[in-house]
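**Q** The structure under discussion is supplied below as structure tokens; questions concerning it will follow.
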Amino acid sequence: MMHGVAQALPRDPLLKVENLVVEYAVGAKTIHAVSDVSLEIARGETLGLVGESGCGKSTLGRAILQLRPADSGRVVFDGCELTALRGEALRKMRRRIQLIFQDPIASLNPRRQIGDIVAEPLAIAGHRDDKKRQALVEEMLGAVGLDPAIVTGRLPHEFSGGQCQRISIARALVLNPEFIVCDEPVSALDVSIRAQILNLLEEMKARFGLTLLFIAHDLAVVKAVSDRVAVMYLGRFCEVGPSEQLFANPAHPYTALLIEAIPVPDPDVRPAERVRVGEPPSPIAPPSGCRFRTRCVRADKRCSEEVPELREIAPNRHVACHHPLM
Amino acid sequence: MATLELRIREDVTVRSRRLGLLFWLAIGWIILIFAVAILADVLPFPSPTDMDMLEKRAPFSTEHWLGTDGLGRDELARLVFGARSSLLVGLCAPVIGVVIGGALGMLAGYFRGRFEALLVGSADVLLAFPPLILALAITAYLGQSILNLTLILGVLGVPAFMRVARAATLALSRREFVIAAQALGATHARILLRELLPNVVLPLTAFFLVGVAITVVAEGALSFLGLGVPPPTPSWGSMIGEGRESLDIAPRLAFLPAITMFLSVLSFNLVGDTLRALTDPRQGAL
Amino acid sequence: MTAPVLLSVEDVAVDLPTPRGNLRAVDHVDLEVAAGRTLGIVGESGCGKTMLSRAILQLLPKRAKLAGRVLFDGQDLLRLGSSALRKLRARSLAVVFQDPMTSLNPVLTIGTQLIETLMEHLVIDLAAARARSIALLAEVGIPAPEQRLMQYPHELSGGMRQRVAIAIALSCEPKLLIADEPTTALDVTIQAQILDLLAREQRRRHMAMILITHDLGIVAGRTDEVAVMYAGRVVERAPTQALFKSMRMPYTQALLAAIPKLDAPPHAPLPAISGRPPDPTRPLEGCSFSPRCRYAAARCQREKPVLREAEEAEHHYACFNPLKITAGLSA
């Protein structure tokens, strides 16, 4: 039993991350992208991961998928330790976990046809039967709302961002994976298309029984699709809890700050004109103790000396703060 | 950033439609010299090595369309067979360069680390050597022949192609579709061949054509100095060299091969440049 | 309207020739901005809002064809010569762009860029310009302004860079500031700070401002009037309160509904707008939104609706089937 792990259902977490650390060197300096993060995701759950740019959420997503080497820590998927796998064993495992990217057009090879792109996972996994591959590809494209007859022979640049993201989703689903990391999948899309893609993701999740890690910087988007949410700041988790409760009653000052900053489309809600404190510090030299203390009105001496651990303050609610809001 | 739905691309100008007259003339010339060089044996040209001592430096006539050179050999025939030598070397050497250099460059750009450092270092060393001097030294050691010449020029071209391939691969490896392939469990070989290669081929091809142009000139320079294609096989470079002696009496003997070489090199450059301009905006910035 | 009109955009149309045909980026737009007031222009990408701002600033690409009139402070900007136009810029008309990395010169220090702007447009010497630059940087909330003068854009964070861009824009006390998606590239907490800064400066200097964005949330609390654009046209224009409280355009309503709200329960399906915006090189005969509109009738597909005034003054919309007014927010 790990200390301070935001636990999912007691049995059967599909994914377990234990004390993951990812650092990388930029010249002579080190960027502490992910510092000692632990989490669990239950089967069929959507965990939302929210934070601003530079907080390490994308790095965490990639490290979980072993696309970026972790400096220490473990990632356990369905009982199998991913961090210990290499070569062919790791490649086989990859078929069960997939990734959807932020920039839909860049995630498709500009010189390959859509049909090829969506069939690629099948080819890699060794499906030899051409007819069956074709049928699967067409089924998937249909499932994401595209007409295979029109789409398969074309190149990515002929499609809009929203359509490319659908193709990306089709590619991610064609091998029937269990777990998908969605790395800011709608940030680069227009508002009206965003809603379409979010609905599509929910539909696919229900239809294929997926487990999702949904990474985004937009709180409302994250809340719309997540069961639980983890808030991240400068490489560490601030708080983790069920979506409704977390946004209704934030426990961590940073979460409260994020919520306040969201522009509300209601002219009666005047944006509060209080002085907002500073800029996020750099991940190269994060503040000692609690990393959020330089922007926190509640910070005191203890916050600069002691790193707050993620601990449970209410059933299923975990906060890493010496002076939480609840 | 909600900017992907409709892209009003201001840079896709009508520039790409300017496949103008110049481009087609260049294509036409290239086709002409290749056709003539390939069919040289079949076409009714007199032998380029038959010397007619009575007809030395003869002017244009119906028998010798472009006259004869200093040893009475038919100028037009020599130009045609010279095209053969120059184009053979000019084409085969860059092929060596693009295959070896392209492969090494892609591997260097993809795997990075010590391997890349080693390759880039070696390429730098090779590039720093004055190429013609190196070619001369090796020719002196191994002897003159078309094969040796092709090999030398081919190897000398490897670093340049390596750079182009490496730069393209470096830029592409960071793009999400490569990470997507890794996330799917593709092997390195598959990623290199199916994801990266189709994208790297374009800049390599454009550079290849420029490489042909450069090699033709390089071969010409070596043959001009008498150290390239060995006589009596004609080559544009050696023809210019021989024509040097007759510059006062019959300047055409130097100028005809020079003009032919100039037109050919210009054509390859034009086509290479146009290809590059055409393919760039389509795939966005590399 | 009691305040005098500062900027008047009259029947402006922008056409761009492309390999695929003529692209009508802006289709007969009329707008007005009064001195000291903020106009919000809302629309998704491709709706023409950026082209419109470029048309006002006379910064269109060379191939673009511009029709109509842009009256600023009584002068028709389209008739002005380039030197008169240059004088007008910075002193009267300033702009802040979306990406501060590309709008600031990466090889010049912050100080150079600020001082250059000041000395170009105001009659002051170097020492005075330097002092003013420091004061400006402090005003926009940049700590340690003297040190910043010597720094390069890449040494600053995105939020800081945008503050510098704002400082440069405000340096010559312009009468109108156009902010084109000034916070889209920034984090949400920094976004709030930058928007607060803009609002504060606008009030202090009694400056008119045009805030261009795709986010309805941003315009809700920070503008006096809002114009919603779709496919190159203004489809609804009203004072902010009126727009949100008594929306008439189905598009505006659909746009508002499609934004995920923080107080909505998770996993509720979002009311998405089906389909995609039209291809601007192939304009539709009727209303551009009709293929995606759930209230579309036969007339909507044949005829293009024109902007006309509703019963409430100053609320204009272009629709044959506007929404009925309901009490409270119709989202």
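**Q** Identify, by number, the condition in (1) crowded, with 19+ Cβ neighbours inside 10 Å; (2) assigned to a loop (DSSP other than H, G, I, E, B); (3) not small (Gly, Ala, Ser) that B:LEU202 doesn't meet.
**A** The single condition B:LEU202 does not satisfy is (2).
**Q** Moving on to the next point. Among the residues of segment A:82-131, write down those that are touching a strand residue (DSSP E or B) at 6+ places or on another chain (Cβ under 6 Å) and within 23 Å of A:GLU40 (Cβ to Cβ).
**A** A:LEU82, A:THR83, A:ILE97, A:GLN98, A:LEU99, A:ILE100
**Q** Still on this model: If the requirement is being touching a strand residue (DSSP E or B) at 6+ places or on another chain (Cβ under 8 Å) and farther than 22 Å from B:PRO131 by Cβ, which of these qualifies: B:LEU170, B:LEU202, B:LEU184, B:LEU196?
**A** B:LEU184
**Q** Which residues, taken from segment B:79-94, are in contact (Cβ under 8 Å) with a residue 60 or more places away in the chain and either outside any helix (DSSP H, G or I) or among the hydrophobic types (A, V, I, L, M, F, W, C) (or both)? Please lay out each step first, then the result.
**A** Just the residues of segment B:79-94 that are in contact (Cβ under 8 Å) with a residue 60 or more places away in the chain, to begin with: B:79, B:81-83, B:85-94.
Matches in segment B:79-94: B:LEU79, B:PHE81, B:ALA83, B:LEU87, B:LEU88, B:VAL89, B:LEU91, B:CYS92, B:ALA93.
**Q** Please go through segment A:190-228 and give me each residue that is more than 16 Å from the chain's Cα centre (by Cα), under 19 Å from A:ALA143 (Cβ atoms) and either more than 9 Å from chain C (Cβ to nearest Cβ) or of a type outside the set (D, E, K, R) (or both), ordered by number.
**A** Looking only at segment A:190-228, we keep the residues that are more than 16 Å from the chain's Cα centre (by Cα), and these are A:190-196, A:199-200, A:203-204, A:206-209.
If we keep only those that are under 19 Å from A:ALA143 (Cβ atoms) too, we end up with A:193, A:195-196, A:199-200, A:203-204, A:206-209.
Listed by number, the residues that qualify are A:ILE193, A:ALA195, A:GLN196, A:ASN199, A:LEU200, A:MET204, A:ALA206, A:ARG207, A:PHE208, A:GLY209.
**Q** Give the residue, chosen from C:GLY217, C:GLY221, that is more than 22 Å from C:LEU176 (Cβ to Cβ) and either out of contact with any Gly (no Cβ under 8 Å at 6 or more places or on another chain) or not assigned by TED's automatic domain parsing to the domain that holds C:VAL12 (or both).
**A** C:GLY217
**Q** Okay, moving on. So, of the residues in segment C:243-257 that are buried (at least 24 other Cβ atoms within 10 Å of the Cβ) and part of a loop (DSSP other than H, G, I, E, B), which turns out to be farthest from the other protein chains (Cβ to nearest Cβ)?
**A** That would be C:ARG248.
**Q** Determine the pairs where a residue that is at positive phi, located within segment B:101-116, has a partner that is crowded, with 16+ Cβ neighbours inside 10 Å with Cβ atoms under 9 Å apart, the partner being 6 or more residues away or on another chain.
**A** These pairs meet every condition: B:ARG112/B:LEU170; B:ARG112/B:SER173.
**Q** Restricting attention to segment C:164-185, report how many residues are within 11 Å of another protein chain (Cβ to nearest Cβ) and buried (at least 23 other Cβ atoms within 10 Å of the Cβ).
**A** Residues that pass the stated criteria total 2.
**Q** Can we say C:MET150 is more than 19 Å from the chain's Cα centre (by Cα) and outside any loop (DSSP other than H, G, I, E, B)?
**A** Considered against the rule, which asks whether it is more than 19 Å from the chain's Cα centre (by Cα) and outside any loop (DSSP other than H, G, I, E, B), C:MET150 comes out as no.
**Q** I'd like the residue in segment B:168-187 that is over 20 Å from A:ARG171 (Cβ atoms) and not small (Gly, Ala, Ser) and, out of all such residues, is nearest to the chain's Cα centre (by Cα).
**A** Result: B:THR169.
**Q** Against the condition without any contact (Cβ under 8 Å) to a residue 60 or more places away in the chain, of a type in the set (Gly, Ala, Ser), surrounded by fewer than 22 Cβ atoms within 10 Å (Cβ to Cβ) and not in a loop (DSSP other than H, G, I, E, B), how does A:ALA256 come out, does it pass?
**A** So A:ALA256 fails the test.
**Q** Here is a follow-up. Answer yes or no as to whether C:ALA199 is surrounded by 24 or more Cβ atoms within 10 Å (Cβ to Cβ) and in the same structural domain as C:LEU6 (by TED's automatic domain parsing). Steps first, answer last, please.
**A** Values: surrounded by 24 or more Cβ atoms within 10 Å (Cβ to Cβ): no; in the same structural domain as C:LEU6 (by TED's automatic domain parsing): yes.
When the stated conditions are applied, C:ALA199 does not pass them.
**Q** Another one. Within segment A:136-153, is even one residue within 14 Å of chain B (Cβ to nearest Cβ) and either assigned to a loop (DSSP other than H, G, I, E, B) or in contact (Cβ under 8 Å) with a residue 40 or more places away in the chain (or both)?
**A** The answer is no; no qualifying residue exists.
**Q** Another question, if that's okay. Out of (1) in contact with a strand residue (DSSP E or B) (Cβ under 8 Å, 6 or more places away or on another chain); (2) acidic (Asp, Glu); (3) within 13 Å of another protein chain (Cβ to nearest Cβ), what's the single condition that is false for A:ASP36?
**A** A:ASP36 satisfies all of (1) in contact with a strand residue (DSSP E or B) (Cβ under 8 Å, 6 or more places away or on another chain); (2) acidic (Asp, Glu); (3) within 13 Å of another protein chain (Cβ to nearest Cβ) except (3).
**Q** Please go through segment A:73-94 and give me each residue that is within 12 Å of chain B (Cβ to nearest Cβ) and surrounded by fewer than 20 Cβ atoms within 10 Å (Cβ to Cβ), ordered by number.
**A** Selection gives A:LEU85, A:GLY87, A:GLU88, A:ALA89, A:LEU90, A:ARG91, A:LYS92, A:MET93.
**Q** Could you check segment C:258-279 and list, in sequence order, the residues that are within 7 Å of another protein chain (Cβ to nearest Cβ), touching a residue at least 40 places away in the same chain (Cβ under 8 Å) and not aliphatic (A, V, I, L, M)?
**A** C:PRO277
**Q** Of (1) surrounded by 16 or more Cβ atoms within 10 Å (Cβ to Cβ); (2) within 12 Å of another protein chain (Cβ to nearest Cβ), A:GLY126 satisfies all except one. Which?
**A** (1)
**Q** Determine which single condition C:ALA179 fails, assuming it passes every other condition in (1) within 15 Å of the chain's Cα centre (by Cα); (2) in a helix (DSSP H, G or I).
**A** Unmet for C:ALA179, out of (1) within 15 Å of the chain's Cα centre (by Cα); (2) in a helix (DSSP H, G or I): (2).
**Q** Do we find that B:PHE161 is within 14 Å of another protein chain (Cβ to nearest Cβ) and either under 29 Å from A:ALA89 (Cβ atoms) or crowded, with 22+ Cβ neighbours inside 10 Å (or both) in this structure? Outline the logic, then answer.
**A** Details: within 14 Å of another protein chain (Cβ to nearest Cβ): no; either under 29 Å from A:ALA89 (Cβ atoms) or crowded, with 22+ Cβ neighbours inside 10 Å (or both): yes.
Judged against the criteria, B:PHE161 is not a match.
**Q** Restrict the check to segment C:105-119 and report whether at least one residue is touching an Asp or Glu at 6+ places or on another chain (Cβ under 6 Å) and outside the structural domain of C:ALA13 (by TED's automatic domain parsing).
**A** Keep residues of segment C:105-119 that are touching an Asp or Glu at 6+ places or on another chain (Cβ under 6 Å), which gives none.
Within segment C:105-119 (the criterion being touching an Asp or Glu at 6+ places or on another chain (Cβ under 6 Å) and outside the structural domain of C:ALA13 (by TED's automatic domain parsing)), the answer is no, since none of the residues qualifies.
**Q** Has segment B:102-121 got at least one residue that is of a type outside the set (Lys, Arg), within 14 Å of another protein chain (Cβ to nearest Cβ) and more than 23 Å from B:ILE214 (Cβ to Cβ)?
**A** Yes, that holds for at least one residue.
**Q** State whether one or more residues within segment C:221-238 are on the phi > 0 side of the Ramachandran plot and either surrounded by 24 or more Cβ atoms within 10 Å (Cβ to Cβ) or assigned to a helix (DSSP H, G or I) (or both).
**A** Looking through segment C:221-238, at least one residue is on the phi > 0 side of the Ramachandran plot and either surrounded by 24 or more Cβ atoms within 10 Å (Cβ to Cβ) or assigned to a helix (DSSP H, G or I) (or both).
**Q** Still on this structure, please answer the following. Check whether at least one residue in segment A:133-149 is buried (at least 16 other Cβ atoms within 10 Å of the Cβ), in contact with a Leu (Cβ under 8 Å, 6 or more places away or on another chain) and over 25 Å from A:ASN199 (Cβ atoms), and report yes or no.
**A** yes
**Q** A further question follows. Quick check: is even one residue across segment C:130-143 in contact with a strand residue (DSSP E or B) (Cβ under 9 Å, 6 or more places away or on another chain) and either over 27 Å from A:CYS55 (Cα atoms) or within 11 Å of chain A (Cβ to nearest Cβ) (or both)?
**A** No, every residue in segment C:130-143 fails to be in contact with a strand residue (DSSP E or B) (Cβ under 9 Å, 6 or more places away or on another chain) and either over 27 Å from A:CYS55 (Cα atoms) or within 11 Å of chain A (Cβ to nearest Cβ) (or both).
**Q** Any residue that is part of a helix (DSSP H, G or I), in contact with a Gly (Cβ under 9 Å, 6 or more places away or on another chain), of a type outside the set (A, V, I, L, M, F, W, C) and away from every other protein chain (no Cβ under 13 Å) - is there at least one of those in segment B:173-194?
**A** For segment B:173-194, residues part of a helix (DSSP H, G or I), in contact with a Gly (Cβ under 9 Å, 6 or more places away or on another chain), of a type outside the set (A, V, I, L, M, F, W, C) and away from every other protein chain (no Cβ under 13 Å): absent.
**Q** Ok, one more. In segment B:223-259, what residues are among the aromatic types (Phe, Trp, Tyr) and surrounded by fewer than 16 Cβ atoms within 10 Å (Cβ to Cβ)?
**A** Within segment B:223-259, B:PHE255 is the sole residue that qualifies.
The values are calculated or read from the model by the stated rules, or taken from the named source; none is laboratory data. On a predicted model such as this, the values are computed, not experimentally measured, just so you know. Using ideal geometry, Cβ is built from the backbone for each residue, glycine included, and neighbour counts are taken over all protein chains shown.
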